[in-house]
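To start, the structure under review is shown below, and the notes come after it.
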Amino acid sequence: MPGAKRDFLSISLGFDDEQKEPRKRQSFWRVWKRLSSLQRSVICLIIVLGGLSALYILPAIHHGNKLSSEDAKLTKDKRQAVDKVAPENGSPFFKDKFLGQGNDNQQIQPPQAGVPKLNKQDDLKRVAKQQIDEYNKRLQKHKPGMRRPPQHKPVVDRPPNGGGEENQPVDRGADPDFNVDQHAVPPYDYFNQEGKRTARQEAVVDAFRFAWQAYKKYAWGHDEFHPITRTHSEWFGVGLTIVDSLDTLVILGLKPEFDDAREWVATELTFEKDKDVNLFEITIRVLGGLLATYHLTGDDLFKDKAIDLGNRLLPCFNSPSNVPFSDVNLMTSRAHAPRWGPDSSTSEVTTIQLEFRDLSRVTKDDKYENSVMTVSKHIHGLPKKDGLVPIFVNANTGSFRGTSTITFGARGDSYYEYLLKQWIQTGKTNNMFKDDFLEAIDGVKKHLLRESSPSKLLYIGELLGGRTFSPKMDHLVCYLPGTMALGYKNGLPDDHFDIAKRLTETCFQMYARMPTKLSPEIVYFSQAAQSKEDLIVKAPDAHNLLRPETVESLFYMYRFTGDKKYQDMGWTIFQAFLKHTKVENGGFSSIHNVKAGKTTFRDKLESFFLAETLKYLYLLFGDDSSLIPLDKFVFNSEAHPLPIYSS
């Protein structure tokens with residue numbers, strides 16, 4: 001009937017005054033006065049019960065709102081589930097999720113037949129209490145003064161001590177493929193290693209402190225240190241030695257030195273520099289160093305600096321082809337090819353992917369990974385010689401320089417390294433990288449692998465002009481046995497490990513057969529049957545730059561085999577560094593001639609000696625495999641550990 005409206009309260013109580021006053025709206029007070037005392041009591045009871053329920057729920061909600069932003073993120077999935085609690089959500093997943101027994105990848109399922117429904121009020125209170133209790137337990141896992149683990153943690157199946165932990169929500173990035181397996185594991189207490197280090201590790205720590213103190217005294221805040229003249233020089237103007245060494249300070253447990261370095265980063269490090277930088281070098285050393293330190297410490301300072309730098313490097317990818325320019329100005333964002341010609345080094349444009357992909361995971365912004373994946377896909381599609389690539393590629397045309405050398409040494413080396421490591425970083429889900437790596441190793445066996453005379457040392461030569469074999473092998477190639485051993489450990493063919501063991505022996509002989517027990521930068525292997533010496537060292541190649549590649553491979557071989565001969569090899573090399581490259585006034589320096597009876601210094605402490613060489617020696621001499629476990633981290637080309645993701 002038009003205009004006739006029933007009073008909601010009178011209808012809900014079961015009586016209707018419409019017959020008495022069909023067209024007159026009744027006031028609430030009149031209706032209330034006409035109710036019986038029993039009816040009024042029922043209404044009051046309902047109101048009181050509702051108020052009591054609110055008193056239970058609101059404090060829990062208020063407490064949840066007071067969580068820190070970091071921990072609010074960690075509990076995001078749980079609070080969303082609390083907000084959606086309803087009787088129909090009484091599935092087994094709901095129970096398991098909040099008891100820490102569920103699979104975080106599951107979705108809330110509709111109610112199943114025969115499953116009792118939950119009481120909304122009781123379960124809201126129970127879930128809120130469980131959420132608070134769980135949060136308090138997580139806080140208790142961290143000692144006073146320790147930072148919480150970073151939000152993006154490596155894939156962890158169990159804590160280093162072997163105990164189990166309840167699952168935590170999967171953290172999702174900007175893309176469904178950005179899933180990271182995260183479990184609540186006690187963070188490794190890097191700054192509490194006293195009594196855990198071996199004697200050889202203590203010796204490495206002493207060597208690092210010796211170099212660090214000299215750098216701090218004479219070159220603090222500058223890129224490179226010259227220990228003979230006690231001067232310094234700039235390359236990028238970003239305190240390169242400090243930033244490159246940050247995660248080494250953490251891994252070696254050097255808290256006072258790390259605190260000094262962190263303060264410098266917080267107060268002095270800026271990328272607002274009118275300076276051209278090499279995309280590859282600043283990515284592996286500075287971006288990689290900042291990201292690794294963020295992952296090891298959870299300190300947002302390093303993440304923020306990494307984001308700033310990553311954004312300044314993106315203009316390199318605005319080339320006519322899908323190959324990035326090699327250089328960019330940090331302030332003006334102007335990117336360009338190198339001054340010496342139109343080509344970029346193949347290794348340089350393909351050894352930035354680990355870092356930019358990790359930056360996308362950290363920021364949940366896929367623009368960084370998309371940029372480097374475009375490069376990877378482009379290189380993947382170019383013609384190769386049985387998986388082997390020339391060392392130059394043009395950023396304008398996107399093509400290889402067909403007449404350039406094929407080598408696993410300078411300008412080619414880390415292309416192959418990052419094929420394997422990207423496959424591992426992505427949880428072994430992107431088989432494009434694995435397939436390219438396998439094809440490349442088959443190409444090595446077909447074109448580059450030889451034995452020397454008379455000792456039959458296995459080595460990897462080069463193809464000059466892409467065609468003519470040369471028995472030349474850079475010390476840089478000595479990363480490869482460790483990389484191949486890593487591939488074998490992740491399921492690649494057995495013969496990869498056989499090759500890795502023989503190449504490791506060859507790389508050690510490049511040290512052991514020199515008068516100083518230090519390797520030259522380049523050796524040539526004898527192919528003549530009547531030769532008495534396997535190794536030929538030319539005068540321009542006899543210098544030693546304190547490089548890490550051989551001790552890097554020794555570290556992998558020891559981790560995978562437990563054979564202490566690899567530790568002994570590393571100790572021999574370390575003793576040679578102490579004897580021939582240590583500078584009395586402080587620090588270590590590269591030397592001119594490893595074959596000379598008396599060494600002469602080149603007056604330069606390379607940042608990678610602190611970032612890589614001493615770090616790998618420290619890890620090699622330890623017996624704690626939970627210190628940077630190789631199923632949770634993958635090292636970039638500058639030995640900065642980055643997390644392995646699930647996809």
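The values are calculated or read from the model by the stated rules, or taken from the named source; none is laboratory data. Values in this document were obtained by computation on a predicted structure and should not be read as measured data. Every residue, glycine among them, receives a Cβ derived from its backbone with ideal geometry; neighbour counts consider all protein chains shown. These area figures cover heavy atoms from the full protein model, side chains too; ligands, DNA and RNA do not enter into them. Shrake-Rupley method; radii C 1.70, N 1.55, O 1.52, S 1.80 Å.
With Cα atoms defining each centre, segment 438-470 and segment 580-635 are spaced 28 Å apart in the structure. With the highest mean first, a sort of the peptides 558-566, 470-478 on other beta-carbon atoms found within 10 angstrom per residue produces 470-478, 558-566. Taking a ≥ b ≥ c as the square roots of the Cα gyration tensor eigenvalues, segment 332-393 comes out oblate, since a/c reaches at least 1.5 and a/b does not exceed b/c.
Have a look at S245, W264, T231 and report the one farthest towards the positive end of the charge dipole of segment 225-264, computed about the Cα centre with Cβ charges (Lys/Arg +1, Asp/Glu -1). With unit charges placed on the Cβ atoms, the residue in question is T231.
Would you please classify the overall shape of segment 186-246 from the alpha carbon gyration tensor, given that a ≥ b ≥ c denote the square roots of the eigenvalues, rounded means a/c under 1.5, and beyond that prolate means a/b larger than b/c while oblate covers the rest? Since a/c reaches 1.5 but b/c is at least a/b, the shape of segment 186-246 is classed as oblate. Rolling a 1.4 angstrom probe over the protein heavy atoms with all chains in place gives segment 344-429 an accessible area of 27 Å² per residue. Taking the Cα centre of segment 522-647 as reference, the dipole from Cβ charges on Lys and Arg (+1) and Asp and Glu (-1) amounts to some 360 debye. Between L464 and R209, the modelled labels are 5.0 nm apart [label points 7 Å from Cα along Cα→Cβ]. Shown for segment 193-258: the carbon plus sulfur share of the solvent-accessible area, taken with all protein chains present and a 1.4 angstrom probe, equals 54%. Annotation note: GluC sites (Glu not before Pro) in segment 532-626 located in DSSP loop regions with a Cβ neighbour count of at most 11 within 10 Å are E584. When each of the peptides 306-315, 262-271 is scored by the mean number of other C-beta atoms lying within 10 Å of its residues, the order from highest to lowest reads 306-315, 262-271. The peptide list 237-250, 484-497, put in order of mean Cβ contacts within 10 Å with the highest first, becomes 237-250, 484-497. Indicate the gyration tensor shape class of segment 282-383 (rounded, prolate or oblate), computed on the Cα atoms with a ≥ b ≥ c the square roots of the eigenvalues: a/c under 1.5 is rounded; otherwise a/b larger than b/c is prolate and the rest oblate. It comes out prolate by the Cα gyration axes. Here's how it looks for T231: its modeled amide H is under 5 Å from those of H226, which are all 5 or more places away or on a different chain.
In this simple spin-label approximation, D260 and R40 carry label points 7 Å from Cα along the Cα→Cβ vector, and these lie 8.2 nm apart.
Once the 1.4 Å probe is applied to the protein heavy atoms, segment 503-598 comes out at 40 Å² accessible per residue. Approximating the spin labels as points 7 Å out from Cα along Cα→Cβ, the Q575-to-H592 distance works out to 2.8 nm.
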